[in-house]
Each structure stands twice: as C-alpha cells, then as structure tokens.
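Here's the structure, in structure tokens; my notes come after.
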Amino acid sequence: MADEEDDEENEDDGEEDGQDDTPEPEPRTFTLTEAERARRELEPFLVEAMDCRKKLSGLDNDLSAVSARIMMMGGVIVPYEKLAALRMEHQQLAESLKTALNRILETGCLIKDLDVGLLDFPAVIDNEDVYLCWKLGEDRIRFYHRQDEGFAGRKPIDPRDTGSGDIVQ
C-alpha cells in the first residue's frame, strides 16, 4: 500500500512540474465556406489592426523626434504633459493592436502582410496543404497558393473566375 501511495505522489509531482505531454493540436484547416465566413467576421479586426499600426508608427516618429530634440538641445524644457499624453495614446493603440491581432490569430487564420491586409487560411485542395488567400479590398476569397509559395504564387480557386471589378485599391 505504501508503494501505491508513493506512485500516486510521483504522478502528482509530474503534473506540478509544468510539463504538458499532450501534443500540440493540428493547425486548423478551413473549407472555403468556413474561410469566407471567418473573413467576413475578421475584416473589421484587420482594418482596426492596420489603422492602429499606422497610428503607432506616427506616434513612434513623434516620440523619437522629441527625444532627439531633447538630446541635441540639452537643457530644453521637457513637455511632460505632451509626452505623457503621447505615451498613453501609444499604450492604448498598442493594446488595441494586440487585441485585434489575437482575435484574428485565434481563429487559425494567418496574417501574412499587415501593410496591405493579407490573410491566409490553411486548407486542403486535391490532398495538398494550401492557403486560401485573401487581400483586403477583394470581395471574397478567390485565390489559393501552396504553403511554400507566397502571394506571387496565387492561383484562382475556380479557373473560370476572372475576378471582380469590385476590387478596392
């Protein structure tokens, strides 16, 4: 009986060491219908992430310019209130960006280019792992590419689909 108790204690110890022996789940694959549904749901989050990133870049430039001015001029009066406001705005934008990106990534979708709004959805076509590829401004998912190819390797899902004139530039 003492041996059984020791075994149980050892098993419990294994759980407390922080190691999880369960394998990583397989990445999610999407059907075209699932990817299209997710795309429509995620588009506002993608737009928000892109907007936050652009604003963050501008704030980074503003903060760098203030720092450079202080270093070059030495003894200049630091605009603490303005800097505090910029830092607060920066923090809020960074948090919004993180939230939007996490919302997109938790679906299993991949963000390939945040500058142009490019999303890939893992899928299988003809027993081959591919990405269903969508770019912000396209009215629906029309293209795919192999996982070892990028945007330049996009092919139409339906070869008869010549695309839409609805593409926003």
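What follows draws every value from the coordinates through simple rules; no lab data is involved. This is a predicted model, so every value here is computed, not measured. Cβ placement follows ideal geometry from the backbone for every residue including glycine, while neighbour counts extend to all protein chains displayed.
Data for the structure
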quantity	calculated
Integer Hz, Karplus 6.51/-1.76/1.60 couplings in order for the stretch 83-97, x for Gly and Pro	5, 4, 5, 4, 5, 5, 4, 4, 4, 5, 5, 4, 5, 5, 4
Per-bin percent of Cα-Cα distances, the stretch 32-156 [10 Å]	12, 34, 23, 15, 11, 5, 1
Residue exposure sequence - Thr33, Thr99 - by fewest surrounding Cβ within 10 Å	Thr33, Thr99
Farthest positive-ward along the stretch 86-128 dipole, Cα basis, beta-carbon charges - from Cys109, Ala94, Asn127	Ala94
Amide H contacts under 5 Å for Asp113, placed H, 5+ residues apart	Leu118
Theoretical FRET efficiency, 1/(1+(r/R0)^6), r = Cβ-Cβ of Ile70 and Phe151, R0 35 Å, to 0.05	0.25
Mean separation of Cα contacts under 8 Å (6+ apart) over length of the stretch 32-156, as relative contact order %	22 percent
